[in-house]
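Note sheet for the following structure.
The values are calculated or read from the model by the stated rules, or taken from the named source; none is laboratory data. Everything numeric here is computed off the predicted structure, so don't read it as measured data. Counting neighbours? That spans all protein chains shown, and the Cβs are built from the backbone with ideal geometry, glycine included.
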Amino acid sequence: MKKRTTLDETFANMWGDYTFWLKLNHKKAGIASYLSFLLLPGTYAIYIYRIAHWFDGLNIRPVSRIMQNIDIMLTGTDLNPRADIGKGFIIFHTPGSAFTGKIGENCVTAGAFKIGGDGSSGDVGAGPGLPVIGNNIQLGVDVLILGPVKIGDNCWFLSRATVYKDIPADSIVAGTPARVIGKVTPGANMYERKQ
């Protein structure tokens, strides 16, 4: 059974989203930077998801589904309230994005990603047919990850990569079907770069 997210954890995850955004944009914490962050559509998408996820954990599913629909109408992003998304989740372009499954901390998405189930019964830890994705992931535009696959930490997915199989940690992935085309080197990830 899925562990219920407390309200404190929900707000901690929201703060984690903001602090990761600061790190990506080389900004300092403050009122002006927080207002800039709040005005991004990706912030609305993830914050609405986080509150819907909390309601889902309380078994108040009608409210969580209503919030999911509001999220879709406002931002064009479908983040399933039953999904498990770690802190530091950034969506730069929200329309056409959808997620169901489990993803770790510090994920940057360019937009229009589709991640979810393939209808199979295999379970790798996120539920039947759903993927489990590690920490420190970068998703290019229109990435598709389907089925009960495991994605390692520190992976880059180039635009239009279509993943149906497990991907090892520290991989650069491209193509349809996706294949590993290189290794991520330390300091190369967006979240590690210096100004």
Could you tell me how many of the residues in the range 86-135 are under 11 Å from the mean Cα position of the chain (by Cα) and without any contact (Cβ under 8 Å) to a residue 24 or more places away in the chain? 2
Does Ile115 qualify as being closer than 27 Å to Trp15 by Cα and in contact with a Cys (Cβ under 7 Å, 6 or more places away or on another chain)? no
Restricted to the range 91-139, and to residues that are hydrophobic (A, V, I, L, M, F, W, C) and in a loop (DSSP other than H, G, I, E, B), which residue is farthest from Phe37 (Cα to Cα)? Val124
Going residue by residue through the range 51-64, is there one that turns out to be closer than 26 Å to Gly140 by Cβ and not polar (S, T, N, Q)? yes
Failed item, numbered, when Ile90 is tested on (1) aliphatic (A, V, I, L, M); (2) over 23 Å from Ala12 (Cβ atoms); (3) in contact with a Leu (Cβ under 8 Å, 6 or more places away or on another chain): (2)
Of everything in the range 146-182, what is part of a strand (DSSP E or B) and either of a type in the set (Ser, Thr, Tyr) or touching a residue at least 40 places away in the same chain (Cβ under 8 Å) (or both)? Give them in sequence order. Thr162, Ser171
Among the residues of the range 69-82, how many are touching a helix residue (DSSP H, G or I) at 6+ places or on another chain (Cβ under 7 Å) and surrounded by fewer than 21 Cβ atoms within 10 Å (Cβ to Cβ)? 4
How about the range 20-80: which helices (runs of 4 or more DSSP H) wholly inside it have at least 1 residues that are of a type in the set (Lys, Arg) and at pLDDT 95 or above? 41-57, 61-75
